[in-house]
Amino acid sequence: MRMLVPSLLLLSACASPPSRSIPASPPPRTTSVLLPTPTVPVVPQPALETVFTNRSANDAAASCGAGDDVACLALWQEACERDIEEGCLRLGMALRDGRGMAKNLGAAATVFQRLCDRVSSGSPVLGEPPMAAQGCRMLGYMYKPSGGLPADELRAAGLLRKACDGGDPLGCVGLGDSYYRAKQIREATDLYKAACQGGLPVGCRMLAGVYADLKDFPSGIIAAEKSCPDVVRGCALLGYMLCETKRDPQRAVELLAQACSQGDEFACMRLGLSYGDATCTPRDQLRASEYYRLACDRREYAGCALLGFQYLHGQGVGRDDGKARTLLTLACEHSDRSAQTAISCSTAASLYASPQSGERAPALAARMYELSCEAGQAESCAALGGMYAQGDGVPKSAPRALQLLQPACTKKKMKQCQFVTPLRNLTATCSRGQFQQCVEWGLSP
């Protein structure tokens, strides 16, 4: 029987790129630039000489090849102090990553800023990206979420723009990520396309991800072919699109299986869907559950949701509402606020609210309904409004109940809409005087 769950087609199109860099020509600036280049304050620099060894540069140079990080740091510090850009770049990376000493993100930011200040804008040239432009990129990524410094997308975008203009194609890819997160798809596509045309595999992988999101599979397949096998996610995207188009099901399965075995969570999830829906493989719910579990364990939360639905319907695994609730909650709390997320959240909420799935947990149900409501599901907004109208898992609140119910009930008639008229009447009454009932409902004259 076909699995009664939606296909959660979540593409992680903005994963961190690998370090390989081949120059590309970034597109010219347009009037729709994400944000102007910001002024980046310099992080106060500590006394670097207090954290590095005093061994001579000759000793350091002789031991760097042997993996002596401390000695290498001394060499890179001396080179940076003499304005040798490669020394500054390597020093900043060592400080950022904690190689040879404890991590020092503030000092790393200072070194990268020193490099970035040397960038002169111009068209990229063949060869390795300029060290100064790489410094801008390194610092820009540090200001992205989970980059180490306080997240600041404005500052990150400005630094990545400077890196891109300064000749670092990976800076162009990073800037494309910032545009993509800001929903400026055309600008992101132009940047990824320029990097891909310049021969940068990760640019092709990112371009393939955009086309896959847009369901432009023919263009996506061309871009993904250029990124595979250099970029594992590129191979996963190629397998996904070949499967969706039925162009080459056997190769699609081989690509997805190989990418999954290399740790790509998206590939595992897509392979699970193929077995669950018989897309490019025979239907096999047991194998589908195995791949969903692999994806979920690797933090592909669409895999968690799909495995949760299997437990809910007893497909490929024994029915277990408790496991279904846990997995759907995990997917709900860690996914974006999309329509696909809303389904996981609302299903988890109904399981927490229903006595048939175990002990009721109305407070958790309210939390799940709230997340689903934020993702745009009117039924969840109405359900949450009804909980506020009854004080079920949340404090009674006529204003909050009406705030949720009125917009939802204009879209669709639901049982919770019965509360709207009485709550309006109560609000009108309470506006004319103070009554105990008004206090209980969070209303005052």
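The values are calculated or read from the model by the stated rules, or taken from the named source; none is laboratory data. Note that the structure is predicted; figures quoted are calculated from it, not measured. Here the Cβ is made from the backbone with ideal geometry for all residues, glycine too, and neighbour counts use every protein chain on show.
Values computed for the structure shown
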quantity: Every pair of residues 6+ apart whose Cβ atoms lie under 6 Å, when the first sits in region 267-293 and is under 17 Å from Gly308 (Cβ atoms) while the second is surrounded by fewer than 24 Cβ atoms within 10 Å (Cβ to Cβ) and among the hydrophobic types (A, V, I, L, M, F, W, C); calculated: Cys268/Leu294; Gly276/Met3; Ser289/Val317
quantity: Residue count for region 180-223, restricted to those that are more than 24 Å from Gln340 (Cβ to Cβ), assigned to a loop (DSSP other than H, G, I, E, B) and of a type in the set (Gly, Ala, Ser); calculated: 2
quantity: Check on Ser289, within 18 Å of the chain's Cα centre (by Cα) and assigned to a helix (DSSP H, G or I); calculated: no
quantity: Out of Gln285, Gln310, Gln315, Gln340, sole residue that is polar (S, T, N, Q) and in contact with a Leu (Cβ under 7 Å, 6 or more places away or on another chain); calculated: Gln340
quantity: Set Ala302, Ala236: member being in contact with an Asp or Glu (Cβ under 6 Å, 6 or more places away or on another chain) and not aromatic (Phe, Trp, Tyr); calculated: Ala236
quantity: Single condition Lys412 does not satisfy, out of (1) surrounded by 17 or more Cβ atoms within 10 Å (Cβ to Cβ); (2) in contact (Cβ under 8 Å) with a residue 24 or more places away in the chain; calculated: (1)
quantity: Residue check, Arg181 under 29 Å from Phe112 (Cα atoms) and in contact with an Asp or Glu (Cβ under 8 Å, 6 or more places away or on another chain); calculated: yes
quantity: Flag for Tyr311 being without any contact (Cβ under 8 Å) to a residue 24 or more places away in the chain and buried (at least 16 other Cβ atoms within 10 Å of the Cβ); calculated: yes
quantity: Residue list for region 224-246, restricted to those being within 21 Å of Gly263 (Cβ to Cβ), not acidic (Asp, Glu) and not in a helix (DSSP H, G or I); calculated: Cys228, Pro229, Val231
quantity: Of the criteria (1) farther than 18 Å from Lys323 by Cα; (2) under 32 Å from the mean Cα position of the chain (by Cα), which one Ser344 fails; calculated: (1)
quantity: Residues (assigned to a helix (DSSP H, G or I) and of a type in the set (Lys, Arg)) located in region 297-329; calculated: Lys323, Arg325
quantity: Filter pass, Ser227 being of a type in the set (S, T, N, Q), buried (at least 21 other Cβ atoms within 10 Å of the Cβ) and farther than 30 Å from Ala278 by Cβ; calculated: no
quantity: Region 332-347 - residue that is touching a residue at least 40 places away in the same chain (Cβ under 8 Å) and hydrophobic (A, V, I, L, M, F, W, C) and, of those, surrounded by the fewest Cβ atoms within 10 Å (Cβ to Cβ); calculated: Ile343
quantity: Residue in region 81-104 that is more than 16 Å from Gly166 (Cα to Cα), at pLDDT below 50 and either of a type in the set (Asp, Glu) or surrounded by fewer than 17 Cβ atoms within 10 Å (Cβ to Cβ) (or both) present; calculated: no
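Listed here are the residues, each with its yes/no results for (1) part of a helix (DSSP H, G or I); (2) at pLDDT 85 or above; (3) over 27 Å from Gly199 (Cβ atoms).
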| residue | (1), (2), (3) |
| --- | --- |
| Phe52 | no, no, yes |
| Glu78 | yes, no, yes |
| Ala109 | yes, yes, yes |
| Leu115 | yes, yes, no |
| Ala132 | yes, yes, no |
